[in-house]
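Asker: Can you read through this structure? Questions will come right after.
The values are calculated or read from the model by the stated rules, or taken from the named source; none is laboratory data. The shown structure was predicted, so the numbers you read here are calculated from the model rather than taken from an experiment. Cβ sites come from the backbone with ideal geometry, for glycine too, and all protein chains shown count toward neighbours. Heavy atoms of the whole protein, side chains included, go into the accessibility calculation; ligands, DNA and RNA do not. Shrake-Rupley method; radii C 1.70, N 1.55, O 1.52, S 1.80 Å.
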Amino acid sequence: MSEPTRPGLGCVGAPRLLTGLDRAPRLDREAHLAAHGPLPRHHPDELVDLAADIDLRGRGGAGFPFARKLRAVNQSARGRDGQTAVVVNGSEGEPSCLKDKALLLHAPHLVLDGALLAAAAVGAEDVVVAVTRPDVERSVRDAVAERGPGGRRVRVALLPERFVTGEGTSMINGLNGGPTLPSGQRVRTSERGLGGVPTLLSNTETYAQLAVAARLGAAGYRSVGLPAEPGTVLLTVAGSTVVETPTGTSLAYVLELCGTRPGQGVLVGGYHGRWLDPGSALGAEVSRQSLASFGAVLGAGAVLPLPEDTCPAGEVARVTRWMAKESAGQCGPCVRGLPALADVLEEAVGGGGRAALDAVEARMRGVLRRGACSHPDGTSAFVASALAAFPDEFRDHALGSGCGRRVLGALPLPRDESPERLVVDWTLCKGHGLCVDILPDVVRLDADGYPAQASMPVPGRLRPKALRAVRRCPALALRIQE
């Protein structure tokens, strides 16, 4: 990891805490300045050159060059009376990502430093930090208050906590008072964003990295990491630990430091990411170039190893169902295509045969490049990557033998992921008891051998087994109901 004297981001769970977070759970203004020092002044052109020199990329998923965003906003502003805005995307609707929340909860002043530097570079008077959690909102509001009056206006906006909130047009729509949903149009925020003015919109970590680079200078920033990809990145490992690592670090080493191993494979980039098989995970480095050679992307920095004792097919099915429920509800591929994809995938996992697997392939093709945003494509790619990574698992499940392992929920989802229930029709139930054999964690039998309850909640991770119980009930007495 980075040497402890380097004023890096300072991450929760890192083997070496770099900004004083080993002494305080949250860095207030005074502790922040003690750890990082004052923010140097930069001429706008110097800041753009700095971002270009270190090849600073957006850390929200797309990895777009930050210097190009700065130049694009400035160019648009010249034809729009010079008005601009800066938005910090702190939504992080990906359940497997915590890095931006960690920054805003524990080191919010580092993010504000970067946002204010960027505002000076594009001449913006307004800076908006968009978040989705009340505790994060409080932390950022406290940080703004700790800075006192004067300077550029910084405000905090609380938006709905949904997967699609972080999409650029969705966030801007929400901040402008409309629904927090993708517009379906290819609108660049650098041309028309907050309040209709050219807007610099980037991820929380991107602004924090800019603040670190401004203090270190290009040479100091480049002293860590790869020559072609200098600096560090924040990773969320196993949905629970946030670490900072220099680029070029072995992915296997990062997993080892976090107390885990590749297991059956590693999902990199979150639920719009790609799976690495164990061998690839052991050979990969934390860098765009290395991961690209294995067909993966770093994305938002989520790294999810799949333990040996959980069912890969069931894990993928439950995530796909959740992704379908996170639809913005605005276009056919999301409203109908993703739930249909989740249905046929669950059918395949539940023993639906070769026809079910073929239906999964067809449903994946049916949503590609047809959505109002990237959500259908990303979800389809996630399923396609899983099918390629675990072909034997999905084949065995589809053909009825399965793997014999339970779905442990190793891929994190919100706790209220599924409101569904398994319902018994007493007019049909004959007390065969097959349901308890398939769903022992849900169904309990009474003294007479009948289900003890008429309606039982089904956790999302057990939905494939619940579907199997419904299909295999000899009396057709079971159904799933929302």
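Asker: Which value in deg cm²/dmol, rounded to the nearest 500, describes the helix-derived mean residue ellipticity at 222 nm for the chain, given -39,500 (n - 2.57) per DSSP H run of n ≥ 4 and division by the residue count?
Answerer: -12000 deg cm²/dmol
Asker: Between Ala218 and Glu30, what is the FRET efficiency for a Förster distance of 35 Å, r being their Cβ-Cβ separation, to the nearest 0.05?
Answerer: On the way: r = 29 Å, r/R0 = 0.82.
That pair, Ala218 with Glu30, gives E of 0.75.
Asker: Here's a follow-up. For the pair Ala454/Asp425, report the inter-label distance in nm, with labels modelled 7 Å from Cα in the Cβ direction.
Answerer: Going by the 7 Å Cα→Cβ label model, 1.4 nm.
Asker: Give me the accessible area per residue for the stretch 335-445, probe 1.4 Å, as a whole number in Å². The partial results should precede the final answer.
Answerer: Numbers: 5290 Å² over 111 residues.
Each residue of the stretch 335-445 exposes 48 Å² on average to a 1.4 Å probe.
Asker: Can you send over the carbon and sulfur percentage of the accessible area for the chain, probe radius 1.4 Å, protein chains only? Each step should come with its number before you reach the end.
Answerer: Working: 9710 of 19830 Å².
Accessible surface attributable to carbon and sulfur in the chain totals 49 percent.
Asker: Give me the dipole magnitude in Debye, nearest 20, for the chain about the Cα centre, with unit charges on the beta carbon: positive for Lys and Arg, negative for Asp and Glu. Don't skip to the answer; put the middle values down first.
Answerer: Values: 54 positive and 51 negative charges, 163 e Å.
For the chain, the charge dipole is close to 780 debye.
Asker: Nearest 10 degrees is fine. How inclined is helix 338-349 to the longest principal axis of the chain, computing both from alpha carbons?
Answerer: 50 degrees
Asker: Tell me the relative contact order for the chain as a rounded percent, counting alpha carbon contacts under 8 Å between residues six or more apart. Before the final figure, lay out each step's value.
Answerer: Details: 1006 pairs, mean separation 63.7, N = 482.
RCO, the chain: 13 percent.
Asker: On average, how much accessible surface per residue is there in the stretch 64-106, in Å², for a 1.4 Å probe, leaving out ligands, DNA and RNA? Don't skip to the end; give the middle numbers.
Answerer: On the way: 1640 Å² over 43 residues.
That works out to 38 Å² for each residue.
Asker: Next question. In whole Hz and in residue order, list the ³J(HN,Hα) couplings for the stretch 126-142 that follow from phi through the Karplus curve 6.51 cos²θ - 1.76 cosθ + 1.60, θ = phi - 60°; x for Gly and Pro.
Answerer: 10, 10, 10, 9, 9, 10, 10, 10, x, 5, 5, 4, 4, 4, 6, 4, 4
Asker: Please label the shape of the stretch 183-323 as rounded, prolate or oblate, based on the square roots a ≥ b ≥ c of the eigenvalues of the alpha-carbon gyration tensor (a/c under 1.5 means rounded; beyond that, a/b larger than b/c means prolate, else oblate). Mind showing how you got there, number by number?
Answerer: Values: a/c = 2.33, a/b = 1.26, b/c = 1.85.
Because a/c hits 1.5 or more and a/b fails to exceed b/c, the stretch 183-323 counts as oblate.
Asker: Quick one: how many lysine pairs does the chain have with C-alpha atoms less than 28 Å apart and a gap of 8 or more or different chains? Give me the count, please. List each step's numbers first, then the result.
Answerer: Details: Lys69/Lys99; Lys69/Lys101; Lys99/Lys325; Lys101/Lys325; Lys325/Lys465; Lys430/Lys465.
Final tally of qualifying lysine pairs is 6.
Asker: Percent relative contact order of the stretch 391-465, based on C-alpha pairs within less than 8 angstrom and at least six residues apart?
Answerer: Values: 69 pairs, mean separation 24.3, N = 75.
Computed value for the stretch 391-465: 32 percent relative contact order.
Asker: Still on this model: Starting with the highest mean, order 236-248, 28-40 by the number of other Cβ atoms within 10 Å, averaged over the residues of each peptide.
Answerer: 236-248, 28-40
Asker: Then there is this: Under a 5 Å amide H to amide H cut-off, with H placed in plane at 1.01 Å, what residues pair with Tyr450 once short-range neighbours are removed?
Answerer: none
Asker: By how many degrees, 0 to 90 and rounded to 10, does the Cα axis of helix 354-367 deviate from the longest principal axis of the chain?
Answerer: Relative to the chain, helix 354-367 is tipped by roughly 30 degrees.
Asker: If you don't mind, there's one more thing I want to ask. For Ile480 and Glu161, what is the calculated FRET efficiency with R₀ set at 30 Å and r taken between the beta-carbons, to the nearest 0.05? Walk me through the numbers before you get to the answer.
Answerer: Values: r = 26 Å, r/R0 = 0.86.
In this case the efficiency is close to 0.70.
Asker: For Arg57, which sequence-distant residues (separation of 5 or more, or a different chain) have an amide H within less than 5 Å of its own amide H, given hydrogens modelled in the peptide plane?
Answerer: Here Phe66 satisfy the definition.
Asker: Can you list residues from other chains, or at least 5 along the same chain, whose modelled amide H is less than 5 Å from the amide H of Ser287?
Answerer: Those qualifying (amide H under 5 Å, at least 5 residues apart or on another chain) are Gly248.
Asker: I've got another one for you. Rounded, prolate or oblate: which fits the stretch 330-438, taking a ≥ b ≥ c as square roots of the Cα gyration tensor eigenvalues, rounded meaning a/c under 1.5, else prolate when a/b beats b/c? List each step's numbers first, then the result.
Answerer: Details: a/c = 1.86, a/b = 1.48, b/c = 1.26.
Prolate shape, in that a/c is at least 1.5 and a/b is the bigger ratio.
Asker: Under the Karplus relation 6.51 cos²θ - 1.76 cosθ + 1.60, θ = phi - 60°, what is the ordered set of whole-Hz ³J(HN,Hα) values for the stretch 397-407, x standing for Gly and Pro?
Answerer: 5, 5, 8, x, 7, x, 10, x, 9, 7, 8
Asker: Rounded, prolate or oblate for the stretch 54-100? Axes are the square roots of the Cα gyration tensor eigenvalues, ordered a ≥ b ≥ c, and the cut-off for rounded is a/c under 1.5.
Answerer: Numbers: a/c = 3.85, a/b = 1.90, b/c = 2.03.
Oblate.
Asker: Within the stretch 152-242, list the trypsin sites (Lys or Arg not before Pro) lying in a DSSP loop whose Cβ has at most 10 other Cβ atoms in a 10 Å radius. Numbers along the way, then the final one.
Answerer: Numbers: sites: Arg152, Arg153, Arg155, Arg162, Arg186, Arg188, Arg192, Arg215, Arg222; in loops: Arg152, Arg162, Arg186, Arg188, Arg192.
In loop regions of the stretch 152-242 (DSSP not H, G, I, E or B), the sparsely surrounded trypsin sites (Lys or Arg not before Pro) are Arg186.
Asker: Please give me the summed charge of the neighbours of Leu291: other residues whose Cβ is under 9 Å from its Cβ, Lys and Arg +1, Asp and Glu -1.
Answerer: Details: positive: Arg274, Arg288; negative: Glu285.
Cβ neighbours under 9 Å give a net charge of +1.
Asker: At what distance in nm do the modelled label points of Arg138 and Arg80 sit from each other, each positioned 7 Å from its Cα along Cα→Cβ?
Answerer: Simple spin-label model gives 3.6 nm for this pair.
Asker: If I take every Cα pair under 8 Å that is 6 or more residues apart in the stretch 99-186, average their sequence separation and divide by the length, what percent do I get for the relative contact order?
Answerer: Numbers: 98 pairs, mean separation 20.4, N = 88.
Over the stretch 99-186, the number comes to 23 percent.
Asker: Taking 0.36 nm per intervening residue step and subtracting the Cα-Cα distance, what contour gain separates Arg261 from His42 on full extension?
Answerer: Values: separation 219, 0.36 × 219 = 78.84 nm, distance 4.32 nm.
Additional length available on full extension: 74.5 nm.
Asker: Ordering Arg321, Arg406, Arg395 by accessible area with a probe of 1.4 Å, largest first, what comes out?
Answerer: Arg406, Arg395, Arg321
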